[in-house]
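Report on the structure given below.
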Amino acid sequence: MQPVLPFVLSENPTAHSTPESPGIFPDDWPGPGPIDLTRHDLPHDSSTIEWWYVNSHLTLENGRQCSLFASFFRMAVGRDDTGRLQFAHSLTWALSDLDTRRYYADSLVDACAPEVGLKTLDKGDDPTDPLLQRAIREVFVKGTVPRPDRLFTAPATVAADRLFLDYEGNQFEKTDEGCYRLRLQHPDLRTEADLLFTPQTPPVRHGDDGVVRGTSGEDMFYYFMPHCQVEGVVTIAGEPAAAAQATGWYDHEFGKPNDDTPEGYIQHDIAWNWISVQLVNGYRISAYDLYDTTNGGASYGRWALVIDPGGHAISYTDFTLQPLQFWTSSRTFTQYPTAWQLTIPGAGVSLYAEANFAAQEFITLISKPAFWEGRVDVRGTIDDSPVYGPGYVERSGFGELHLLKDFFKAVTRETRKSIQALLPLPVAEGQLQRLVASEETRHYIDGLDPAQYGRTIVQPIRDIIERGGKAWRSYMALACVDLVGGHSQAYLSWLAWPELLHTGSLIVDDVQDRSAIRRGGPACHHLYGEATAINAGNACYFLGELLVRESDLSDDKRLKLYSLYFDTMRAAHAGQAIDIDGFEALMPDVVRYGQGAELEKRILAVHRLKSAVPARSLAQLGATLGEGTAEQSAALGDFFEAVGLAFQIIDDVLNLRGFENDLKSRGEDIMCGKITMPVAKAMSRLNQPDRHDLWEAIRARPDDPDVIAALIDRLEACGAVEACRQQAETMIEEAWQRLSPLFPDSDVKIKLRAFGWYVLERHY
């Protein structure tokens, strides 16, 4: 059950329904009795949606263990002049190397995918964030798709008179002997498979005698062969080896949307869990449960089949497939279960399934944004007898983060978890040693009370962090790891470091500015006192460094990271010093001579030192961890420096135009007499008397809402506020145009492109 459709088409929702009458289904569907494979393995003329799926678990002659799945898919996207259906094709396959815990994944789509993608976006009912859609559209307009998806370079072949599929040299065919031949290849990954599946049992109907139905009224037919012998050769990272022991699975599903649904379009409205189990005692189990995402996640259909070694199948609807442990992806920030409990009371089945390794997420905009399909090891009992064997689990449609703000909320939640792990409460003695000393300097903590340390260091820090925040700085570092070709998952715990640096600056800044509120609550120094707040804020600067210290990075990488860190700290403190001193001394000349441009330079310098340099350094930190080139690192640094500047300029704008949910008081900067970028731009636009009046009014730190509103209106009327927004937009766009040619289009690049616009269009 591996329904993956071209991006543009959304994922296939399937669920069961009892047929109202046997006559409502197409004539080319199987009737009662045995399924005629000579007919039904072939493409079905009535079906606008169809796929052929296999999976296999293998022990190779060199002792290496692996599992793989592949899904050959086709979907109607329109009709030609004669009324004949036209299809788009796609292939998703992945190999799980259990020895190295690496997931080799490939996604191929038809050359028409960009065109169809644009048409789907034009429909206007895609739930994906508009900014992400805008970034995806840029890719489609170029006639390509973002990595890891790849375009076919030649048309797909789907034979009409026999089962033969050829998708870019990846093939699935039925032999004259009734076996199934699978050929897969990914030259870039040097990973291939050439396998022969020999069925050992007749096909089994899934769902309600083979019929399943989706929430949009689409009818599907689903059969599978749960037990196949497998032989052949698998090549992993250039190393070929024959299969010494292997088992396989084959299924086929076909159908169509309801009569009111146009070809090439299905509304994504369902999520599902699916498991296939191949026990060593010869039993096979398949179970799925489906949920209607348009109805609060209500259960829509569920079936479990238990097949004995002879191929006899019994179906059940009374079962549970309960997710247990969870894992978070550093690419999508989607949470996936990595352990399950399958219980089928009527069959006496109680099985625990656990992923061999967590990182088996299939990232693709074909099935946006990703799904999890991977190898699990299964153990438990059937009728109290111990059983075990391999299996596959697929999970899709749960917890999708359509909006960027929701995505960053997920990043924030994970960042909070990483900080909680680094700075636990309560602090145990062993944890205290890690935070304060080392194994060699254990005596440093002699006589130190862990509870007191927790109360004076950890608690103030966590109090501010757990109120929320945007955590975009943390994501930025991980995204840059992936963009240059690294693997960010290894650095998920490093989300803590950027957020700690930022939090430390906020705590100290609030003391210096005498701020009363931070993230919707009392500022740290109001809760814990100025001395404790300053000390806790300063501690933030150094606690994240433990992640570097405890990593297995090379000395060269450590040196680079420390250099970036100290560059950032020097710059940030210089910026804070200037910000504290302010620009009031400049204002007499600015007012007298209209020297707004000079004032802008001074304000930009502060924004650069306090915000843009840290953003630049974090991007380069990610590039360093991902082993990017010097050119890539510099371009990423330039882009995120522009983002950091733009972020602060837009902050000045929002302070005047208002934050979402009144996060800050509108005109708060005016109330504090603060000289911001809109004020600087106004000084270049107004005549001398108006400049004088504006500055004197701001200098007086007004608290009357009417006065503040009038001052905001004056800044808007002279174009200063909009000029700030346009300046921020230009900064980001120019930096992106320098960055973009250095990286191929990818899912990560799309997110970064959208994030640049997000900074410009945010309201909070």
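Every number in this text was worked out from the coordinates using simple rules, so none of it is lab data. What you are looking at is a predicted structure, and each value in this text was computed from that prediction instead of being measured. Here the Cβ positions follow ideal geometry from the backbone for every residue, glycine too, while neighbour counts run over all protein chains shown.
Could you give the C-alpha radius of gyration of segment 403-552 expressed as a fraction of 2.2 N^0.38 Å, taking N as the number of residues it contains? Don't jump to the answer; show the numbers that get you there.
Working: Rg = 15.9 Å, N = 150, 2.2 N^0.38 = 14.8 Å.
So the Cα radius of gyration is 1.08 times the expected 2.2 N^0.38 Å.
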Two pseudo-spin positions, 7 Å from Cα along C-beta at Arg570 and at Glu440, lie apart in nanometres by 2.6 nm
So, with points 7 Å from each Cα along the Cβ direction, the Asp161-Glu550 label distance in nm works out to 6.6 nm
With the dipole of the chain defined by +1 on each Lys or Arg Cβ and -1 on each Asp or Glu Cβ, the option from Leu483, Ala680, Leu495 whose Cα lies farthest towards the positive pole is Ala680
Computed over the chain: longest principal axis from alpha-carbon atoms vs helix 555-581 long axis, angle to nearest 10 degrees, is 40 degrees
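List the equivalent ellipsoid semi-axes of segment 581-764 in whole Å, largest first, each obtained as the square root of 5λ for an eigenvalue λ of the Cα gyration tensor.
Working: eigenvalues 234, 58, 36 Å².
With the √(5λ) rule applied to segment 581-764, the semi-axes are 34, 17, 13 Å.
Size of the dipole of segment 609-703 about the Cα centre, Lys and Arg at +1 and Asp and Glu at -1 on the beta carbon, nothing else charged, in debye to 20? Mind showing how you got there, number by number?
Numbers: 11 positive and 14 negative charges, 62 e Å.
Computed about the Cα centre, the dipole is about 300 debye.
Stretched out fully, how many nm does the piece from Ala700 to Ile578 gain, at 0.36 nm a residue minus the Cα gap?
On the way: separation 122, 0.36 × 122 = 43.92 nm, distance 2.13 nm.
That works out to 41.8 nm of additional length.
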With the chain reduced to its Cα atoms and the Debye formula applied, log10 I(q)/I(0) at q = 0.09, 0.11 1/Å amounts to -0.91, -1.19
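Relative to the Cα centre, what is the charge dipole magnitude of segment 48-396, using +1 at the beta carbon of each Lys and Arg, -1 at the beta carbon of each Asp and Glu, and rounding to the nearest 20 debye?
Working: 28 positive and 47 negative charges, 132 e Å.
With only Lys, Arg, Asp and Glu charged at Cβ, the dipole is about 640 debye.
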With 0.36 nm assigned to each residue of separation and the Cα-Cα distance removed, Ala298 to Asp449 gains 49.3 nm
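Beyond a 21 Å Cα-Cα separation, which of these cross-linked pairs lie in this structure: Lys405/Lys610; Lys409/Lys751; Lys123/Lys368; Lys368/Lys409; Lys409/Lys749?
Numbers: Lys405/Lys610 24 Å; Lys409/Lys751 15 Å; Lys123/Lys368 17 Å; Lys368/Lys409 19 Å; Lys409/Lys749 19 Å.
Result: Lys405/Lys610 exceed 21 Å.
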For the chain, the longest principal axis of the Cα atoms and the Cα long axis of helix 720-739 enclose an angle in degrees, to the nearest 10, of 50 degrees
Between Asp383 and Arg592, the two model label points (7 Å from Cα along the beta-carbon direction) sit apart by a distance in nm of 10.1 nm
Note, Val234: beta-carbon cut-off 13 Å, +1 each Lys/Arg, -1 each Asp/Glu, net -4
In degrees rounded to 10, the 0-90 angle between helix 705-717 Cα long axis and the longest Cα principal axis of the chain is 80 degrees
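Suppose every Lys and Arg Cβ carries +1 and every Asp and Glu Cβ carries -1, with no other charges. What dipole size does segment 581-764 come out with about its Cα centre, to the nearest 20 debye?
260 debye
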Computed from every Cα-Cα pair in segment 48-396, P(r) in 20 Å bins starting at 0 and rounded to whole percents is 29, 62, 9, 0
